[in-house]
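Structure first, commentary second.
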């Protein structure tokens, strides 16, 4: 999932300064049960259902389905493709992410702010939209190949993004921000004095890099890489857009095809695949967690953003390379997509007489499905955001009071649905909510409410992490000062705590709402007519070959996200100025 | 009015016992310092008084009213207590005025005139702590010392039953600490509120308190006036922790005569005026660095011979380390007494 980095960045801070809050005893016990029971039901029970289904046979419990699936060539083909795509895209993400982070953290390259924003874009624009944009740039009839053909005078195909290589490239480009973020944070926190000490001990700058900087940054780099790897396994949009047409299955698309194509009878097989995928992802998450704990750079130490290396004459070269890279990987695909959306019929040259607004008008005005989807996605984003905001903040507050094993366990449970690939969670949700308690069928399967439950379950941890950062920063004494000054519960929250927790709460809200608004994986499994989301509609257009329509809707989404970002940025700047006086 | 009692209070956190059967009385208008090293339980005791924790056993009384025992506890917001936190704990999103006026709006039993005209009361308090006219500033615009004053004003603005201070000066620099001591004394005189002041800095406790309670390992080690604590320590721990002390080896002949051990000579009797019974068992005499005089050594003198190991110039005084037999004694003298490294000196005890 695109926003995993946030989870890990805050993990460490939460671990660093846990505090022991106090509350009256009876309350404490009641709150304990109030948290424990729902957590077990919403977060652990669905996964239990999944495991049970995978080992259920006609005669009882057994590994029948497992052995059937493990004997199937398609399973191993999907596992192979999943691993190859995840590993190679991680390598690409590492190369790009580390280079960019080093340039931004240590050198005197200009325009760091702009580079930073551009590097964050792949996290904010949903990967299936980015994939769609890439198909418009580097597909068989894309801008790149047409330009090459025009140059050569005959039809040439320079590169075709459909296929495993395309999946790897687009995945790598979608996930390098994760590596970039974590590496940047570590590089900033390596004290300059350590490098100076090495130099004054006689080390040349090359050995300083090899013996001091890299070993210290390695845990951060490696954990960014693992995050990219997990996200690669999780991703559904990229292999769905690029792999399904080319006949290349990965685990997430294979699960999807099982559930959609073969209906409930295939749930058992899909469950086995889900467990395969889930176990691989959890191993990655576990490794990453260990690495973060092992990190030798103090996460709480101050960031040092001063220039450490002057590039000299090579600066122009570096700036040019970075600029070209960002232009080709971010702007050009999006521009290609926008141009497709503006063209009367797919394949016509980009000339004034071929331009039209009709695709935009069609998706916004005439196509009922899209209108419904926009309404659904807005509703889902809003409700998911608000529910996560309230529940997540209260959970974070409760959690910080409990550095105990119970607190750790519940937090682990809440983060499970996010650590697991979306397809796995989607399937577990279907299994659970068709009949949550034996004999009770709430009839929400296929409705938007089912998707809402799935979203809240999956994205709650994002809000918990964001709120945790703020709550830890504010600290215990500020609340105690309000208590001792006579502030009762309501006064404390409304006058003191909420205003101070607001930055973290709003960051979380923004993250959750954006993620929910453009979500594809879960909704592609859970939707049915009337409950489709924007992601599902774009995916549907694409599968039906209506590329101009999917491009138009995607272009609108990207525009909306960019406007939102700009507004958010301006608001944040205003807020900071006010707080700092 | 305005008194607090802690009766037989113990506090356990899981396996750890933070307080063992503590009895403390804070009299009306009294300034009591809880003094001890970190982990001695002084902050736990303060938090029990504030109401942030419940005692595991025992009772806490405020103004002849039971506020907490092991079963029930009146919450902090209902105790009418003022508290100054180590980290100041000002609310960064509120102005100085809003910070200080907060208790006036939310505390119980606020005098009618304060409620009617909170602006005047806040202005008066800010004037008292030397921040007149700073109402509209935000905490981020204040220096450390100014923040501490706002925290103090907030704690006293509503005439609290009891004022609790948790190491309030520990995050300030040395010069400011000395100045704030005077201000706290001034406020104590003006308001007459009982104060419980937690600190690990013995000089703060000696300077301001009416009564010092020295704590160690969750128990009260000694309780008394600053003078008693300094000059009549009841245990080696207190002698060492409050001010510096040399433990001179020898033996007690009787309660007022200490026989000082000397290398190669007969022991030297020293007259002791105070009661130092607690030190009889260990056969030591506690001697403060300023209770020792140094003289030039002359052969044939019947005194204690020492050798200068270190000299540190401190401005007003000189700090010597004197090797006496196997021991090293700390001695402080006025700057007129000048010796250098390696000098032989005669050491005289004035206890």
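Can you pull the three principal axis extents for the Cα set of segment A:245-287, in Å, largest first?
Sorted largest first, the three principal extents are 35, 26, 9 Å.
Give me the distance in nm between label points sitting 7 Å out from Cα along the Cα-to-Cβ direction at residue A:489 and residue B:108, one decimal.
1.7 nm
Over the Cα atoms of segment A:184-281, compute the convex hull volume and normalise it per residue, giving Å³. Write down the numbers at each step before the final one.
Working: hull volume 11.9 nm³, N = 98.
Enclosed volume per residue, from the Cα hull, is 122 Å³.
Using a Förster radius of 45 Å, what is the FRET efficiency between residue A:335 and residue A:528 based on their Cβ-Cβ separation? Nearest 0.05, please.
Numbers: r = 35 Å, r/R0 = 0.78.
Plugging the Cβ-Cβ distance into 1/(1 + (r/R0)^6) gives 0.80.
So if I restrict to the alpha-carbon atoms in segment B:63-117, what is the Rg, and what is Dmax, the biggest pairwise distance, in Å?
Reported Rg and Dmax, both Å: 14.1, 40.
Label point 7 Å out from residue B:293 along Cα-to-Cβ: which residues of segment B:309-337 have amide N under 20 Å?
Residues B:317-324, B:329-337 fall inside that zone.
Which value at 222 nm does chain A reach when only helices count, each DSSP H run of 4 or more adding -39,500 (n - 2.57), with the total divided by all residues and rounded to the nearest 500 deg cm²/dmol? Walk me through the numbers on the way to the answer.
Values: 27 runs with 415 residues, N = 581.
Helices in chain A give a 222 nm mean residue ellipticity of -23500 deg cm²/dmol.
Averaged over its residues, how many other protein chain Cβ atoms are within 10 Å of peptide B:82-91's Cβ atoms?
Numbers: counts 2, 6, 2, 7, 1, 5, 3, 11, 3, 11.
Per-residue shielding by partner chains comes out at 5.
Is the shape of segment B:1-141 rounded, prolate or oblate, going by the alpha carbon gyration tensor and its root eigenvalues a ≥ b ≥ c, with a/c under 1.5 for rounded and a/b larger than b/c for prolate? Mind dumping the intermediate values first?
On the way: a/c = 2.32, a/b = 1.80, b/c = 1.29.
Taking the square roots of the gyration eigenvalues as a ≥ b ≥ c, segment B:1-141 is prolate.
When A:350, A:395 are ordered from fewest to most other Cβ atoms inside 10 Å of their Cβ, what list results? If you can, show how the numbers build up before the last one.
On the way: A:350 13, A:395 23.
Final ranking by Cβ density, sparse to dense: A:350, A:395.
How much length is gained if the chain between residue B:311 and residue B:350 is pulled fully straight, taking 0.36 nm per residue apart and subtracting their Cα-Cα distance, in nm to one decimal? It would help to have the intermediate numbers written out before the result.
Working: separation 39, 0.36 × 39 = 14.04 nm, distance 2.08 nm.
Taking residue B:311 through residue B:350 to full extension adds about 12.0 nm, to one decimal.
What length, rounded to one decimal in nm, is gained on full extension from residue A:199 through to residue A:307, with 0.36 nm per residue of separation minus their alpha-carbon distance? Working shown, then result.
Details: separation 108, 0.36 × 108 = 38.88 nm, distance 1.64 nm.
Full-extension gain reported as 37.2 nm.
Whole number please: convex hull volume per residue of the Cα set in segment A:94-219, in Å³? Intermediate values should be presented prior to the final figure.
Values: hull volume 18.3 nm³, N = 126.
Hull volume over Cα atoms, normalised by residue count, gives 146 Å³.
Quick one: if the Förster radius is 22 Å, what FRET efficiency do residue B:262 and residue B:335 give, using the C-beta to C-beta distance and rounding to 0.05?
Details: r = 29 Å, r/R0 = 1.30.
FRET efficiency, residue B:262 to residue B:335: 0.15.
Mind giving me the nanometre distance, one decimal, between the label points for residue A:435 and residue A:80, set 7 Å out from Cα along Cα→Cβ?
That separation, rounded to one decimal, is 3.9 nm.
Kirkwood hydrodynamic radius of segment B:244-349 from all distinct Cα pairs, in Å? List each step's numbers first, then the result.
Numbers: mean 1/r = 0.0700 Å⁻¹.
Computed over Cα pairs of segment B:244-349, the Kirkwood hydrodynamic radius comes out at 14.3 Å.
Arrange the following residues from fewest to most other Cβ atoms within 10 Å of their Cβ: A:575, B:329.
Ranked by crowding around the Cβ, least crowded first: A:575, B:329.
For residue A:117 and residue A:40, what does the FRET efficiency come to when R0 = 35 Å and r is the distance between their Cβ atoms, rounded to the nearest 0.05?
Numbers: r = 41 Å, r/R0 = 1.17.
Once the sixth-power term is evaluated, E becomes 0.30.
Put a dot 7 Å past each Cα toward the Cβ at residue B:124 and residue A:566; how far apart are the dots in nm?
Calculated label separation equals 5.6 nm.
Tell me whether segment A:433-581 comes out rounded, prolate or oblate; compute the Cα gyration tensor, take square roots of the eigenvalues as a ≥ b ≥ c, and use a/c under 1.5 as the rounded threshold.
oblate
Antiparallel as a % of all DSSP beta bridges within the protein assembly as shown, to the nearest 5? Intermediate values should be presented prior to the final figure.
Details: 60 of 79 bridges.
The antiparallel fraction comes to roughly 75 percent.
D for segment A:109-180, whole µm²/s, Stokes-Einstein with Kirkwood Rh over alpha-carbon pairs at 25 °C and 0.890 mPa s: what number? Don't skip to the end; give the middle numbers.
On the way: Rh = 13.6 Å.
Estimated via Stokes-Einstein, D reaches 181 µm²/s.
Working only with C-alpha atoms, what are the Rg and Dmax values of chain B, expressed in angstrom?
My reading of the Cα-based Rg and Dmax gives 24.5, 81 Å.
How much length would be gained if the chain were fully extended between residue B:251 and residue B:74, taking 0.36 nm per residue of separation minus their Cα-Cα distance, in nm to one decimal?
Once the chain is fully extended between residue B:251 and residue B:74, it gains 58.4 nm.
Cα convex hull of the protein assembly as shown: mean projected area in nm², to one decimal?
Values: hull surface 210.2 nm².
Hull-based average projected area comes out at 52.5 nm².
All of the numbers you see were taken from the coordinates with simple rules; none came from a lab. Here the structure is a predicted model, which means the values were calculated and not measured. As a convention, Cβ positions derive from the backbone with ideal geometry for all residues, glycine included, and neighbour counts pool all protein chains shown.
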